[in-house]
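Structure first, then comments.
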Amino acid sequence: MEKQALLLDLERKSNALEQASRLQTAFLAGVAHEFRTPLVSILGYSDLIENTFEADRVLASAGAKEPSGANSENAKARQWVRGIQRSGRHLLSLIENLLDHGKGQSEQLRLNYKAVNLKSLLEDIELVMTPQSKQKGLEFVTELNGCSSLSDCWVMVDPDRLTQCLINLVGNAIKFTDSGRVKVLAEYHDQTLKIVIDDTGIGMDEQALLMIREPFWQAHHEQRPGTGLGVTITDGIIDLMGGSLNISSTLNEGTRIEISLPLVTTNEQAQEEAKKQDLDGLQCRVLMVEDDDDIAWMLEALLCEKGFDVARAVHGQQALELAHQLNFDLVLMDVVLPVEDGFEVATALRANGHCAPIVMMSASQQEFDSRNTKQINYDAFLLKPVAVNDIVILAKELAEPPKAS
């Protein structure tokens, strides 16, 4: 009897822990969603501002006169805007850390492989992390070997996940280094990318090295604030990519982190450039169903810059009315809407005979998964913040060109 009571007690506690884990996952997903939504606007509007500067630069190169000193001021402002973009994407990577931990297991993470230029990716890391290193008076160096030409640097990888990993690890290196340098050396040979992050920081002892991959564990946590999730999540992502993460360290001397990833070289950059050129002058009538004013205005402005004709609906009934009145080549549908959700609206559009491709959008992968049903009434999904070029490319791939009247 005593053994049976013990087993029942253990089962109750196990169920309570599972419930707590589910609640934690839901909470973290909700927090990530709330952060992602304003980030969509921040990144989108900063893109609009940068596009304005770029248009001014093109006009100036064509001979249009600008007020004295305008070029230098515009150059400064352009750098400030890019700083906003880099910091926004850095914040996005921190949000991904929270969300990834909420998912619980690395196998639940999703990878989105694209053709990526390693040189450009490493330059982005340098731009994001340099301000932090300068604040501490550190030398920060990045170097890429093994690419004899720019075309050799194109590989298939998930750029967001790899960037997330590097920001986590380089951020830690800077945080735990008070003097000296942090160096990032990347080498690409025989379809293997090796990245070494070397610092002259405070280092770790053997006990810390044994614990460093544990979630929420931090070395020197009393002096150095943080979540203790960066290395844990990075280790899971690298493993999911089929790579390895090795860490060596000596107390009071520094830490060395080695990443090894199998990556396939691709010639897709030529195809991507051709695809982008094909998008110039593309005409497409878009129905955007989005209840957030800031996001809607931003996406409409960016799409109109690409030559799109955009009509907006705030809720499902309005979307159905517009679809009845006008012919659309593409539908951009937010998942979370007042009254009916995006999937219900998509189902209603299909039931009413509207065949335009539907692209679902959400700031939460979990929200998308939980609301998605077995009835597939959409053609693609984009996770916010949405890059306008992704929408344009989907429009090219999914929507038929408008018929001449």
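Name every residue in the range 287-310 that is hydrophobic (A, V, I, L, M, F, W, C) and in contact (Cβ under 8 Å) with a residue 60 or more places away in the chain, in order of residue number. Give the derivation first.
At the first step, the residues of the range 287-310 found to be hydrophobic (A, V, I, L, M, F, W, C) are 287-289, 295-299, 301-304, 308, 310.
Once the filter is applied, which keeps residues that are hydrophobic (A, V, I, L, M, F, W, C) and in contact (Cβ under 8 Å) with a residue 60 or more places away in the chain, the range 287-310 yields L287, I295, M298, L299, A301, L302, L303, F308.
Given the conditions (1) in contact with a Pro (Cβ under 9 Å, 6 or more places away or on another chain); (2) part of a loop (DSSP other than H, G, I, E, B); (3) modelled with pLDDT under 85, which single one is not true for K403?
Looking at each condition in turn, K403 falls short on (1).
Could you check how many residues of the range 325-354 are surrounded by fewer than 18 Cβ atoms within 10 Å (Cβ to Cβ) and in contact with a Leu (Cβ under 9 Å, 6 or more places away or on another chain)?
Selection size over the range 325-354: 4.
Can you pull out the residues in the range 132-154 that are surrounded by fewer than 17 Cβ atoms within 10 Å (Cβ to Cβ) and modelled with pLDDT under 80?
Correct list: G146, S148, S149, L150, S151, D152.
Give the number of residues within the range 235-266 that are touching a residue at least 60 places away in the same chain (Cβ under 8 Å), out of contact with any helix residue (DSSP H, G or I) (no Cβ under 9 Å at 6 or more places or on another chain) and either outside the structural domain of D160 (by TED's automatic domain parsing) or more than 17 Å from K183 (Cα to Cα) (or both).
The qualifying residues number 3.
If N246 passes every condition in (1) at pLDDT 90 or above; (2) closer than 17 Å to I125 by Cβ but one, which one does it miss?
(2)
The values are calculated or read from the model by the stated rules, or taken from the named source; none is laboratory data. Keep in mind that this is a model prediction, so the values were computed, not measured. Quick reminder, even Gly has a Cβ in these numbers, built from the backbone with ideal geometry, and neighbours come from all protein chains shown.
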